[in-house]
1. Filter the stretch 71-85 down to the residues that are more than 17 Å from the chain's Cα centre (by Cα) and within 15 Å of the ligand (Cβ to nearest atom) and list them by number.
2. Looking at the stretch 28-65, which of its residues are surrounded by 12 or more Cβ atoms within 10 Å (Cβ to Cβ) and part of a strand (DSSP E or B)?
3. Could you check Leu20 against (1) loosely packed, with under 13 Cβ neighbours inside 10 Å; (2) assigned to a strand (DSSP E or B) and say which number it fails?
4. Residues in the stretch 86-109: is at least one surrounded by 12 or more Cβ atoms within 10 Å (Cβ to Cβ) and either in a strand (DSSP E or B) or within 16 Å of the ligand (Cβ to nearest atom) (or both)?
5. Which of (1) in a loop (DSSP other than H, G, I, E, B); (2) more than 21 Å from Gly133 (Cα to Cα); (3) away from the ligand (no atom under 16 Å from the Cβ) is the odd one out, the single condition Lys68 does not satisfy?
6. Which ones in the stretch 6-17 are outside any strand (DSSP E or B) and either within 30 Å of Glu60 (Cα to Cα) or aliphatic (A, V, I, L, M) (or both)?
7. Given the criteria surrounded by 19 or more Cβ atoms within 10 Å (Cβ to Cβ) and part of a strand (DSSP E or B), does Glu80 qualify?
8. If you check every pair at least six apart or on different chains, which have Cβ atoms under 6 Å apart with a residue in the stretch 41-57 that is in contact (Cβ under 8 Å) with a residue 40 or more places away in the chain and of a type outside the set (S, T, N, Q) first and a residue that is buried (at least 19 other Cβ atoms within 10 Å of the Cβ) and assigned to a loop (DSSP other than H, G, I, E, B) second?
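Bear in mind that the values in this text are calculations on the coordinates, not laboratory data. Nothing here was measured: the structure is a model prediction, and the numbers come from that model. All Cβ positions, even for glycine, are placed from backbone atoms using ideal geometry, and neighbour counts span all protein chains on display.
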Amino acid sequence: MGLPAFMVATTVKAVLAQRLSRRLCTTCKVPHDPKPEEIKIFQENKVELPAGTKIFGPPEGGGCEACKNLGYKGRVGMHEILIMSDTLRGYCLKDVAADNVRKEAVKEGMRLIVQDGLEKVKQGLTSCREVLGGTE
Ligand SMILES: [Zn+2]
């Protein structure tokens, strides 16, 4: 943004990032047992998937009248909130690369957008494909 690093570091309290994914149609979404590739996505992103959890997806070959046969209707937000800690403030002052800031934020407990998205998959709000598609 062209702002001096010290100004950002001293005034920013938190940074909120949001991405949207399509919301599964509540009228026609269908539950299934997690597929191996879906279980892998949860494992790779370090999100717990308790045994017996059902994952929802659009019905085979379309949707219903309510979603105009799309299987999705509306959007659901996936968020991550970076809280500016003293360590991160120091990073900003030193102009440390964004990747390192991110790593430190994760170490301090920040939940990534993809992880928030996968929690929403567990809640049946959206599908794995949507979450991954929305973060790349
Ligand atoms: Zn539908």
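1. Gly71, Tyr72, Lys73
2. Val30, Ile55, Phe56, Gly57
3. (1)
4. For the stretch 86-109, residues surrounded by 12 or more Cβ atoms within 10 Å (Cβ to Cβ) and either in a strand (DSSP E or B) or within 16 Å of the ligand (Cβ to nearest atom) (or both): absent.
5. With respect to (1) in a loop (DSSP other than H, G, I, E, B); (2) more than 21 Å from Gly133 (Cα to Cα); (3) away from the ligand (no atom under 16 Å from the Cβ), Lys68 is out only on (3).
6. Answer for the stretch 6-17, where residues must be outside any strand (DSSP E or B) and either within 30 Å of Glu60 (Cα to Cα) or aliphatic (A, V, I, L, M) (or both): Met7, Val8, Ala9, Val12.
7. Details: surrounded by 19 or more Cβ atoms within 10 Å (Cβ to Cβ): yes; part of a strand (DSSP E or B): yes.
Yes, satisfied.
8. Partner pairs satisfying both residue conditions: Ile55/Pro34; Phe56/Lys29; Gly57/Ser127.
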